[in-house]
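Following: one structure in structure tokens, then a few remarks.
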Amino acid sequence: MAGKQLDVLGLVDSGASINVLPYRIGLELGAVWEEQVTFFGLSGNLANYEAKGLLLTAKVADFPAVNLAFGWTKAEEVPVILGQTNFFSEFDVCFYRSQKEFEIKAK
């Protein structure tokens, strides 16, 4: 997986407990499902899908790269989700609901 890069859009979700990576994206990055040993239990509409832990180095916008832990799911019809563990630990996210905007800052 070292050295592979991929540009993707992610959904910042303050209600998501963990970051989620769709199966196809993990494969494109060179991850091998059978080599991942940490299992995750997902909830909500992803509860019926298997998920395994995957640690990636991610570059968000123009910020320095950070390590993000993902629940890599077999689900295909899910976006990249950036949630509480550990996206919100690496970045400060401010929501401006009345303006329908949010802002991300490095911690």
Pull out all pairs, ordered by first then second residue, where Cβ-Cβ is under 8 Å, the residues are six or more apart or on different chains, the first lies in the stretch 63-79 and is more than 10 Å from residue 25 (Cα to Cα) and touching a residue at least 40 places away in the same chain (Cβ under 8 Å), and the second is surrounded by 14 or more Cβ atoms within 10 Å (Cβ to Cβ) and among the basic types (Lys, Arg).
71/52
Which members of the stretch 48-90 meet the condition of being under 12 Å from residue 14 (Cα atoms), surrounded by 14 or more Cβ atoms within 10 Å (Cβ to Cβ) and of a type outside the set (A, V, I, L, M)?
83, 84, 85, 86, 87, 88
Can you name the number of the only condition in (1) among the acidic types (Asp, Glu); (2) in contact with a Lys or Arg (Cβ under 7 Å, 6 or more places away or on another chain); (3) under 25 Å from residue 4 (Cα atoms) that residue 62 fails?
(2)
If you go through 78, 20, the only one that is assigned to a loop (DSSP other than H, G, I, E, B), more than 23 Å from residue 3 (Cβ to Cβ) and touching a strand residue (DSSP E or B) at 6+ places or on another chain (Cβ under 6 Å) is 78
May I ask you to verify whether residue 32 is exposed (fewer than 10 other Cβ atoms within 10 Å of the Cβ), among the hydrophobic types (A, V, I, L, M, F, W, C) and free of Cβ contacts under 8 Å to residues at least 12 places away in the same chain?
yes
Among the residues of the stretch 81-97, write down those that are outside any strand (DSSP E or B) and without any contact (Cβ under 8 Å) to a residue 24 or more places away in the chain.
89, 97
Residues (exposed (fewer than 10 other Cβ atoms within 10 Å of the Cβ) and aromatic (Phe, Trp, Tyr)) located in the stretch 91-106:
96
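Each reported figure results from applying straightforward, stated rules to the coordinates on display, with no laboratory input. A quick note: this is a predicted structure, and the numbers were derived from the prediction, not measured. Backbone-built Cβ (ideal geometry, glycine too); neighbour counts: all protein chains shown.
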